[in-house]
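Coordinate-derived values only; no laboratory data. These numbers were taken from a predicted model, which means no experiment stands behind them. Here the Cβ positions follow ideal geometry from the backbone for every residue, glycine too, while neighbour counts run over all protein chains shown.
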Amino acid sequence: MADILPGLKLPKPRPEIQEEIDAGKFYFAGLEYHKKLDQAKLEGRAEGQLQGQLQGRLEEARANLMRLATKKFGPPTSECNAIIQNASDLDKLQTLIDRVLDARSWDELFRQ
């Protein structure tokens, strides 16, 4: 606009209306700006990061349980291995890791 009217100085917009101005720029450029969509993307990204962190912690707990229990009890049966690899509750895995100290066998480890 300054090119159309040389010498015209426009005031800076107030911060509270800057978002609306930016949305208008996107709209007139042929792109629709959706604040809600952007927020949803951010929330989805954050949720994905949390899921990734949880998966990493689950994998680490499974590996620790397998390593400690195998060292103490010997190789696991295929059933014990399946229980550990399919475990999706981090608290239960951590409880099993703690129980390795007191259990005397794989069977005793999984006994309630």
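At 7 Å along the Cα-to-beta-carbon direction for both N81 and L54, put a label point, then send me their distance in nm to one decimal.
2.8 nm
Taking the Cα-to-Cβ direction at K9 and at D89 and moving 7 Å from each Cα, how far apart do the two end points lie in nm?
6.9 nm
Just grab the label-to-label distance for L101 and I17, each label 7 Å out from Cα along the Cβ direction, in nm (one decimal).
6.6 nm
Using the Cα atoms as the points, what is the convex hull volume per residue of the stretch 34-110 in Å³?
Taking only Cα atoms, the stretch 34-110 has a hull volume of 77 Å³ per residue.
So what's the net charge close to Q51: Lys and Arg +1, Asp and Glu -1, counting the other residues with Cβ under 12 Å from its Cβ?
Residues close to Q51 contribute a combined charge of +1.
Between R67 and E43, how high is the FRET efficiency from 1/(1 + (r/R0)^6) when r is the Cβ-Cβ distance and R₀ = 25 Å? Nearest 0.05.
0.10
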